[in-house]
Amino acid sequence: MNTYKNPLEERYSSEQMLYNFSPNNKFRNWRKLWIALAEIEKDLGLDISNEQIADLKANAEDIDYTKAAEYEKKFRHDVMAHVHTYGDAAPSAKGIIHLGATSAFVGDNTDLIQMRDGLLLIRKQLVNVMKNLSDFAIKYKDLPTLGFTHYQPAQLTTVGKRATLWLQSLLLDFEELEFFIETLRFRGVKGTTGTAASFLELFDGDYNKVKHLDKELSRRFGFEKVFGVSGQTYDRKIDAKVVALLSNIAQSAHKFTNDLRLLQNLKEIEEPFEKNQIGSSAMAYKRNPMRSERIGALAKFVIALSTSSAMVASTQWFERTLDDSANKRLTIPQAFLAVDAILLIWNNIMNGIVVYENRIHKHIMDELPFMATEYIIMEEVKAGGDRQEIHETIRVHSMEASKRVKMEGKDNDLIKRIMNDDTLKMDKSKIQDVMDPKNFIGFAPIQTEEFVKNEIQPVLDKYSDLIGLDADLKV
């Protein structure tokens, strides 16, 4: 309790994402890269024995972190600290570990592995949010609700149709994520400045062997695409792009929670509230939207991080500079961990979201009389009335009804006023007929059905094996 703990680890992120960016996963990948490098170099004719390879493999997971820390304090170099630590564990192979490579060989390639694997975890979370949202949209596709523009009552929509707007944002993010995964390149084997000069010496000038080493190693780690050129490091635009992608997901989540918090204030839709949950230490009646607010807090953090990676990418010097290192250690893992937490919470919300249909209907009926006036004017003109005179009559009634609602706190009696106005000639029975809210929702139900069927369901079908996860919160 005397040292700082990262809240992402203690309070928010999943065990899977925490492991992905853990030291164990990182340094085991370093050793896997060294083993693969040695194996392929051996296959290409370098003097590396089967016994050396076997020694490396036997000690691949035997990482002495205390010794590595001692070496790093001595060398001030993390990669060389682990080269020596690995060499002590596998002494027969000590001389061929990291042969021809530079620090970015293990550092950058591992970063790319962690990014890819992190995105695969994010994809699973996204698919489940999309599944939950699409189920919600279909369930409530026919339920009318007040639409809002400028947070002022506007034409009606449906609860389900509104959910498709949240889905649409996520779909755009999902398409970007899919493209990023498909086009992500591995750094591979490039040498100290990207010229592979050290491998020129090792392979006696045989460029084809160097290209094979580069391609084969990348393939072994699941990357079909490899950077054709690099400096010492992969292009830091990758970092900027992946954090921008994570920022986009955070933006979509934040927009959802903004809407939900407003709806919860209206008492129309509410996030889960557990039996023993306390909303306020002072106000016992409070049901604060803590899940939505937590998403909002984490989303702001991720959105802010996107500028950090962009600055790093824009200020790299020539073939490499080390002022990216400390920044990457902070920004990349935390962006992933925060978005992982955001999506975990979002799934948790959707698993227990509550819709108060009677409250929604009451709000509609408070505003619907005003929305029906356009229809009434048209019907009155059809009955032979003068459009401008009718408009003025309806305007006067509307102002009086509005005054009654705002200043006197009473119900909206606009329709009653119109029904009792003998100067209006239309068939008054039609007014009551038109007051069904479903007359004002346009094509919202069919739009919802078509969107889910045509755009969301193909994603859910493609990744049906990813559907279903534990969305319990740590705190």
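The values are calculated or read from the model by the stated rules, or taken from the named source; none is laboratory data. Keep in mind that this is a model prediction, so the values were computed, not measured. Note: ideal-geometry Cβ built from the backbone for every residue, glycine included; neighbour counts use all protein chains shown.
Structural remarks
- Of the residues making up the range 83-114, those that are buried (at least 21 other Cβ atoms within 10 Å of the Cβ), over 36 Å from the mean Cα position of the chain (by Cα) and small (Gly, Ala, Ser) are Ala90, Ala93, Gly100.
- Condition check for Glu51: in a helix (DSSP H, G or I), farther than 22 Å from Thr110 by Cα, modelled with pLDDT of 95 or more and over 37 Å from the mean Cα position of the chain (by Cα): yes
- Close contacts from the range 383-406, counting a first residue that is outside any loop (DSSP other than H, G, I, E, B) and a second that is of a type in the set (Phe, Trp, Tyr), with Cβ to Cβ under 8 Å and a gap of 6+ residues or different chains, come to Ser398/Phe370; Ala401/Phe370; Ser402/Phe370.
- Check on Thr158, under 27 Å from Pro458 (Cα atoms), touching a strand residue (DSSP E or B) at 6+ places or on another chain (Cβ under 7 Å) and of a type in the set (S, T, N, Q): yes
- Residue check, Phe336 in contact with a Gly (Cβ under 8 Å, 6 or more places away or on another chain) and surrounded by 15 or more Cβ atoms within 10 Å (Cβ to Cβ): yes
- Answer residue from the range 235-276, given it is among the polar types (S, T, N, Q) and within 15 Å of the chain's Cα centre (by Cα) and is surrounded by the most Cβ atoms within 10 Å (Cβ to Cβ) among those: Thr257
- When Asp472 is tested against (1) farther than 25 Å from Asp340 by Cβ; (2) among the acidic types (Asp, Glu); (3) assigned to a loop (DSSP other than H, G, I, E, B), just one condition goes unmet, and that condition is (1).
- Hey, Phe440 at pLDDT 90 or above, surrounded by 12 or more Cβ atoms within 10 Å (Cβ to Cβ), closer than 30 Å to Leu171 by Cα and in contact with a Ser or Thr (Cβ under 7 Å, 6 or more places away or on another chain) or not: no
- Condition broken by Asp117, with the remaining ones in (1) surrounded by fewer than 22 Cβ atoms within 10 Å (Cβ to Cβ); (2) farther than 27 Å from Asp64 by Cα; (3) not hydroxyl-bearing (Ser, Thr, Tyr) satisfied: (2)
- Residue match in the range 74-84 (condition: in contact with a helix residue (DSSP H, G or I) (Cβ under 9 Å, 6 or more places away or on another chain) and not in a helix (DSSP H, G or I)): yes
- Failed criterion for Gly194 (all others in (1) closer than 20 Å to Lys328 by Cβ; (2) buried (at least 21 other Cβ atoms within 10 Å of the Cβ); (3) among the small types (Gly, Ala, Ser) hold): (2)
- Qualifying residue in the range 451-472 (condition: of a type in the set (Gly, Ala, Ser), touching a strand residue (DSSP E or B) at 6+ places or on another chain (Cβ under 9 Å) and within 30 Å of Phe136 (Cβ to Cβ)): no
- Listing of helices (runs of 4 or more DSSP H) fully contained in the range 413-465 that carry 3 or more residues being closer than 19 Å to Glu380 by Cα: 414-419, 429-434
- Within the range 409-450, considering residues that are more than 30 Å from Leu165 (Cβ to Cβ) and among the polar types (S, T, N, Q), the one farthest from the chain's Cα centre (by Cα): Thr423
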